[in-house]
Amino acid sequence: MCVDLAGLREAVRAYASGFDPALVAPGERAAALQALGAIEKTAAALACLLAAHTAAASPPGSQAGVADLLARASGTSRAAARRAMETAGRLAAQPEVAEAVRSGRLSWDQAELVSKAAEAAPSATGELLDLAQSSSLGELAEQVVRTVAQGADLEARRRRCHEQRALRSWSDAEGTWHLHASGPPEQGAKVMAAVQRLADACFEEARSQGRRERPEAYAFDGLVRLATLGPPAKAGYEVMVRVDLDALLRGRPLGGETCELAGYGPVPVSVVQDIMATEDPFLKAVVTKGKAVAGVAHLGRRPNAHQRSALDWLYPTCAVAGCGVRATCLQTDHRAEWAKTHLTVVDLLDRLCRRHHALKTYQGWALVEGRGKRDFVPPGDPRHPGTGARVPTGPPTSSGSASPAVTVPSSATST
């Protein structure tokens, strides 16, 4: 076995030494990336499986040494190696997930998520494996959270999150400061809502000065202002809750009912009740029966408060399948040109991240017909809803606004 692995390593090394990306034909690059990614996933999986087996067969107390060995071999932290070994140990009872890992269909990060959910809800394994192939890691993580929550004691989890709350900071080798906080999601929602309010103020100041930066940069500035200057005069924060009416009245969700903080995942109904009982937050609640949200029309260009709440429900992340950008960084997009319809209807609105919004506006890309998360296709794709429409020719300017040379087709007009 070791001889075979040594030969495989030398073969890969020999291939890599002569590899020139410029020699890969344009039509073969996507397939090459897929193949290289699968090789990397499979190699990482085999290392973790071997480490887990070695730890299980070693005397008690020696597992830490195996984790150190895996960490050095893979170039990861000891904590990451320990988590990987725990995942590998679970795979012994999860043949579907193990096969996907060995074949290179799952990265180890994906395997860790799917394995946790499969342990809590074995019947969801196939659905999660399919989702892993078509979604981002963030979207997969959100679905795993929902899957695990269905069989969990959410009240006990809430107490555990509170007991384990923590905040730490450090500086990396480049001198960049990092901050990591963990705790109950409702407290995280409160912090992020306050940060976002101050980040919006930073954005307005920068725009008035002709500057434009990434949303994440303004969020950092908002955090600094919150820590150094305190909250704005109106200290209330905004929390978006999605809850089924029956669950709210009953006090707990049953059989597929929803109770969650948008962008933060499932929470017990007691969290919603606590928020509603306080006078400080401005609670946005979409109370539904199942997934249904009523479409309300008005004559303004921008969605009103009720419609924004509905959009928050429908699009906690970018509408593009596989994109996990969250709601605080999304832009509202009109499918039909508002200048022609003069109507703003929830059924004709989408939420897109800045990158996908720019592709739609300036290069004619579009979401396929439907609602919620779906594919995003370029002009000429047979699924493109505006097939035959003229494609814009001008790129966006450096500030992100449209170039005067751009001609936007009716299907690409945005808010």
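The values are calculated or read from the model by the stated rules, or taken from the named source; none is laboratory data. Values in this document were obtained by computation on a predicted structure and should not be read as measured data. Note that we place each Cβ from the backbone using ideal geometry, even for glycine, and neighbour counts take in every protein chain shown.
If we scan the stretch 382-395, do we find a residue that is at pLDDT 80 or above, within 26 Å of TYR264 (Cα to Cα) and either of a type outside the set (Ser, Thr, Tyr) or assigned to a loop (DSSP other than H, G, I, E, B) (or both)?
The answer is no, given that none of the residues of the stretch 382-395 is at pLDDT 80 or above, within 26 Å of TYR264 (Cα to Cα) and either of a type outside the set (Ser, Thr, Tyr) or assigned to a loop (DSSP other than H, G, I, E, B) (or both).
If I go through the stretch 259-273 residue by residue, how many of them are at pLDDT 80 or above, part of a loop (DSSP other than H, G, I, E, B) and within 21 Å of TYR315 (Cβ to Cβ)?
The number of residues fulfilling the criteria is 2.
List pairs: first residue in the stretch 372-387 and touching a residue at least 24 places away in the same chain (Cβ under 8 Å), second residue of a type in the set (D, E, K, R) and surrounded by fewer than 13 Cβ atoms within 10 Å (Cβ to Cβ) anywhere in the structure, Cβ distance under 6 angstrom, at least six positions apart or on different chains.
Listed by first residue and then by second, the contacts come to PRO385/GLU369.
Here is a check on your reading of the model: is LEU23 loosely packed, with under 12 Cβ neighbours inside 10 Å and either assigned by TED's automatic domain parsing to the domain that holds ARG105 or touching a Cys at 6+ places or on another chain (Cβ under 6 Å) (or both)?
Taking the combined requirement at face value, the residue does not satisfy it.
Which of (1) in contact with a strand residue (DSSP E or B) (Cβ under 7 Å, 6 or more places away or on another chain); (2) among the charged types (D, E, K, R); (3) more than 21 Å from GLY324 (Cβ to Cβ) is the odd one out, the single condition GLU142 does not satisfy?
(3)
Which one of these is in a helix (DSSP H, G or I), loosely packed, with under 14 Cβ neighbours inside 10 Å and over 24 Å from the mean Cα position of the chain (by Cα): ARG159, ARG211?
Exactly one of ARG159, ARG211 is in a helix (DSSP H, G or I), loosely packed, with under 14 Cβ neighbours inside 10 Å and over 24 Å from the mean Cα position of the chain (by Cα), namely ARG159.
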